[in-house]
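Report on one structure; see the data block that follows.
The values are calculated or read from the model by the stated rules, or taken from the named source; none is laboratory data. Being a predicted model, the structure only gives us computed values, none of them experimental. Because the Cβ atoms are built from the backbone with ideal geometry, glycine has one as well, and the counts that use them run over all protein chains shown. When the accessible area is computed, the model is the full protein with side chains, heavy atoms only, and any ligands, DNA or RNA have been set aside. Shrake-Rupley method; radii C 1.70, N 1.55, O 1.52, S 1.80 Å.
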Amino acid sequence: MPTIDETLVSVIIPNFNYGRFIKEAIMSVAAQTHSSIELIVVDDGSTDGSGQAITQVLESLHDWSGTASAIYLEKNRGFNAAVNSAAGSIKGYAVILLDSDDKLKPTYVSETLAVLLREEQNGVGIVYGHSHLIDENGKIIGELRSEKFDPDLLDYKSYIPGNALTLARAFKPLLPLDENIRRAIKWNRWKLIVGNGFRGFYVEESLFEYRMHDQNASGIGNRMLEQAKGEKPGVRRAQDYWPVGTNSAK
């Protein structure tokens, strides 16, 4: 059996028409203090020039210690399909699925990986924290809090971010992801992983920047920006915003 490199983390960034944000997402991965990363960007049939933006930023990473590649799909097929297209390239001990409009804190991988390596023996397969909320221009407008891991709460609330660091041997049995699921994508993924016997571990720290705008897939952006008008940045709970359910595209 081949030796698993416990330092290698695979980061997959599915992108659809977020050309205005994709450079920041990619550069937040390249800026990680952890050096052993394989980055796979999947352009899911974008029509806004994202492909060119992705190519340009990846070409600029020639001095980066990690590896970077891109997959360009001809037609838009959805988040899970984009992830599936990269499945054969995943070599990491752990996996991160990063939305292309969000950004990771520079120490995100090093902090979460340290927890996973320490807690895997206790059944932990998911490591997550909470986030700073930013607007379209990157201004912090608040904080979105997750919850301490509770499998019973996960039955009816979505509180684990989609970009949580995930043990590869917890993630890979889910592949290929169900491409018919277009809503509550992360909640469905975590439910399956927890159902397979893995636990989550909550790091009580803002580990990434979650961008609010009028095209967020979950619809959270419009709600959050409307609530934030005229207010000082506040703390909100993820479980009050992220959808649950098994609704699919069918």
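Output yes when any residue across the stretch 88-98 is of a type in the set (D, E, K, R), in contact with a Lys or Arg (Cβ under 7 Å, 6 or more places away or on another chain) and at pLDDT 95 or above, and no when none is.
Taking the stretch 88-98 as the starting set, the residues that turn out to be of a type in the set (D, E, K, R) are 91.
Those left that are additionally in contact with a Lys or Arg (Cβ under 7 Å, 6 or more places away or on another chain): none.
Scanning the stretch 88-98 turns up no residue that is of a type in the set (D, E, K, R), in contact with a Lys or Arg (Cβ under 7 Å, 6 or more places away or on another chain) and at pLDDT 95 or above.
Does the stretch 184-203 contain any residue that is without any contact (Cβ under 8 Å) to a residue 24 or more places away in the chain and over 17 Å from residue 84 (Cα atoms)?
Yes.
Go through the stretch 141-159 and report how many residues are closer than 16 Å to residue 126 by Cβ and at pLDDT below 95.
Qualifying residue count, the stretch 141-159: 0.
With (1) at pLDDT below 95; (2) open to solvent by 10 Å² or more (accessible area, probe 1.4 Å) as the list, and residue 133 as the residue in question, which single condition is left unmet?
The number of the failed condition is (2).
Where the second residue is open to solvent by 40 Å² or more (accessible area, probe 1.4 Å) and part of a helix (DSSP H, G or I) and the first is closer than 16 Å to residue 211 by Cβ and lies in the stretch 88-112, which pairs have Cβ atoms under 6 Å and are six or more apart or on separate chains?
Going by the 6 Å Cβ cut-off, the qualifying pairs are 103/24.
Does residue 3 count as surrounded by fewer than 17 Cβ atoms within 10 Å (Cβ to Cβ), over 24 Å from residue 134 (Cβ atoms) and at pLDDT 95 or above?
Working: surrounded by fewer than 17 Cβ atoms within 10 Å (Cβ to Cβ): yes; over 24 Å from residue 134 (Cβ atoms): yes; at pLDDT 95 or above: no.
Taking the combined requirement at face value, the residue does not satisfy it.
With the condition kept exactly as written, say whether any residue in the stretch 18-31 is of a type in the set (Ser, Thr, Tyr), touching a Lys or Arg at 6+ places or on another chain (Cβ under 9 Å) and surrounded by fewer than 23 Cβ atoms within 10 Å (Cβ to Cβ).
Yes; the residues of the stretch 18-31 include at least one that is of a type in the set (Ser, Thr, Tyr), touching a Lys or Arg at 6+ places or on another chain (Cβ under 9 Å) and surrounded by fewer than 23 Cβ atoms within 10 Å (Cβ to Cβ).
Looking only at the stretch 1-58, count how many residues are under 15 Å from residue 99 (Cβ atoms) and over 16 Å from the mean Cα position of the chain (by Cα).
Total satisfying the criteria: 6.
Inspect the stretch 67-80 for any residue being surrounded by 18 or more Cβ atoms within 10 Å (Cβ to Cβ) and of a type in the set (Val, Ile, Thr) and give the result as yes or no.
no
In the stretch 81-106, what residues are under 15 Å from the mean Cα position of the chain (by Cα) and open to solvent by 40 Å² or more (accessible area, probe 1.4 Å)?
99, 103, 105, 106
Could you run through the stretch 200-246 and say how many residues are open to solvent by 100 Å² or more (accessible area, probe 1.4 Å), at pLDDT 65 or above and among the basic types (Lys, Arg)?
Total satisfying the criteria: 1.
If the requirement is being among the small types (Gly, Ala, Ser), modelled with pLDDT under 95 and either in contact with a strand residue (DSSP E or B) (Cβ under 9 Å, 6 or more places away or on another chain) or buried (at least 24 other Cβ atoms within 10 Å of the Cβ) (or both), which of these qualifies: 125, 138, 162? Talk me through it step by step, then tell me what you get.
Working: 125 fails: modelled with pLDDT under 95; 162 fails: modelled with pLDDT under 95.
Residue meeting the stated conditions: 138.
Which fully enclosed helices (runs of 4 or more DSSP H) of the stretch 108-214 have 1 or more residues being basic (Lys, Arg)? Spell out the reasoning first.
Values: elements: 108-119, 151-154, 168-171, 185-195.
Qualifying helices (runs of 4 or more DSSP H): 108-119, 168-171, 185-195.
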